[in-house]
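Asks: For reference, the structure I am asking about is given below.
The values are calculated or read from the model by the stated rules, or taken from the named source; none is laboratory data. The structure displayed is predicted, hence computed values, not measured ones. Glycine gets a Cβ as well: all are built from the backbone with ideal geometry, and neighbour counts include every protein chain shown. Just the protein is used for accessible areas: all its heavy atoms, side chains included, with ligands, DNA and RNA removed. Shrake-Rupley method; radii C 1.70, N 1.55, O 1.52, S 1.80 Å.
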Amino acid sequence: AGHVPGWVPLPVQYVDYTLWQRTLLGDLDDESSSVAAQLEYWRDALAGMPQWLALPTDRPYPTVADYRGATVDVEWPAELQQRITWLAREHNATAFMVVQAALAVLLGKLGGTSDVAVGFPIAGRSDPVLDDLVGFFVNTLVLRVDLGGDPTVAEMLARVRGRSLEAFEHQDVPFEVLVERLNPTRSLTHHPLFQVALGWQNFAEKTTSERFALMNLWFSPSHRLQ
């Protein structure tokens, strides 16, 4: 109609967020800063972690990741989702944590290891004023799970819950900075720190269903799931 939209001005703009983040987190090289303390947490949490997760495949990994892949769609019934939700509530966890625990156990069994690391994206919009703000806030975190000691389901969920909450509390270190500072052995074959990522997406506003994407970051033709 030729009129200026009557949008209500946002309480903050993206530049306000960036300035606030710098003020809050401080300088990485300042040992007393918040971001330096978070980085120290990640150094301890990921110390001694295997460089990569060895999984059996039906064809060898390429010398250089070719970024080719495929998707496999899997549907599970509403009853299964309800049981996941019930299990999460029984153990003061979330459905995401239940699936993370199940994925860690699966990868540990397939790879013959008790030390499993899975990446997961986080929205980064920790303050409600950021909900309607246009901008990129997403970061990637690493969930390292200890499968040792033949844990029960309750113990496994407790481990994943504890690690997840710690990761959320230390979510402000950009993943690329984490890789730079931890300096793992770099390879063109696989992704650093983790090779499998779990993305859990909730669409509660439009549908009652939940979706997740399981990505193998080797990008091998035989191993990319969604």
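Asks: Check off (1) touching a strand residue (DSSP E or B) at 6+ places or on another chain (Cβ under 9 Å); (2) surrounded by 15 or more Cβ atoms within 10 Å (Cβ to Cβ); (3) within 19 Å of Val153 (Cα to Cα); (4) not charged (D, E, K, R) for Ser114 and give me the number that stays unchecked.
Replies: Here Ser114 clears every test but (2).
Asks: From the list Leu225, Leu178, Leu193, which one is surrounded by 13 or more Cβ atoms within 10 Å (Cβ to Cβ), at positive phi and either at pLDDT 90 or above or in contact with a Ser or Thr (Cβ under 9 Å, 6 or more places away or on another chain) (or both)? Show your work before the answer.
Replies: Values: Leu225 fails: at positive phi; Leu178 fails: at positive phi.
None of the other options fit; the residue is Leu193.
Asks: Does Trp42 fit the bill of being at pLDDT 90 or above and open to solvent by less than 40 Å² (accessible area, probe 1.4 Å)?
Replies: yes
Asks: Looking at Trp52, Trp76, which one is open to solvent by 40 Å² or more (accessible area, probe 1.4 Å) and either of a type in the set (Gly, Ala, Ser) or over 26 Å from Val177 (Cβ atoms) (or both)? So that I can check it myself, show each step before the final result.
Replies: Working: Trp52 fails: either of a type in the set (Gly, Ala, Ser) or over 26 Å from Val177 (Cβ atoms) (or both).
None of the other options fit; the residue is Trp76.
Asks: Yes or no: Thr57 outside any loop (DSSP other than H, G, I, E, B), open to solvent by less than 80 Å² (accessible area, probe 1.4 Å) and at negative phi?
Replies: So Thr57 fails the test.
Asks: Also, quick follow-up: Could you give every pair whose Cβ atoms fall below 7 Å, whose first residue belongs to the range 61-84 and is among the basic types (Lys, Arg), and whose second residue is surrounded by 12 or more Cβ atoms within 10 Å (Cβ to Cβ), counting only separations of at least 6 or pairs across chains?
Replies: The qualifying pairs are Arg68/Phe219; Arg68/Pro221.
Asks: Name the residue, out of Ala47, Ala36, that is modelled with pLDDT of 90 or more, at negative phi and touching an Asp or Glu at 6+ places or on another chain (Cβ under 9 Å).
Replies: Of the residues listed, the single one that is modelled with pLDDT of 90 or more, at negative phi and touching an Asp or Glu at 6+ places or on another chain (Cβ under 9 Å) is Ala36.
Asks: Further question on the same structure: Among the residues of the range 99-111, is any part of a loop (DSSP other than H, G, I, E, B), free of Cβ contacts under 8 Å to residues at least 12 places away in the same chain and of a type outside the set (Phe, Trp, Tyr)?
Replies: Going residue by residue through the range 99-111, those that are part of a loop (DSSP other than H, G, I, E, B) are none.
There is no residue in the range 99-111 that is part of a loop (DSSP other than H, G, I, E, B), free of Cβ contacts under 8 Å to residues at least 12 places away in the same chain and of a type outside the set (Phe, Trp, Tyr).
Asks: Report yes if Ala158 is under 21 Å from Pro50 (Cβ atoms) and in a helix (DSSP H, G or I), otherwise no.
Replies: Considered against the rule, which asks whether it is under 21 Å from Pro50 (Cβ atoms) and in a helix (DSSP H, G or I), Ala158 comes out as no.
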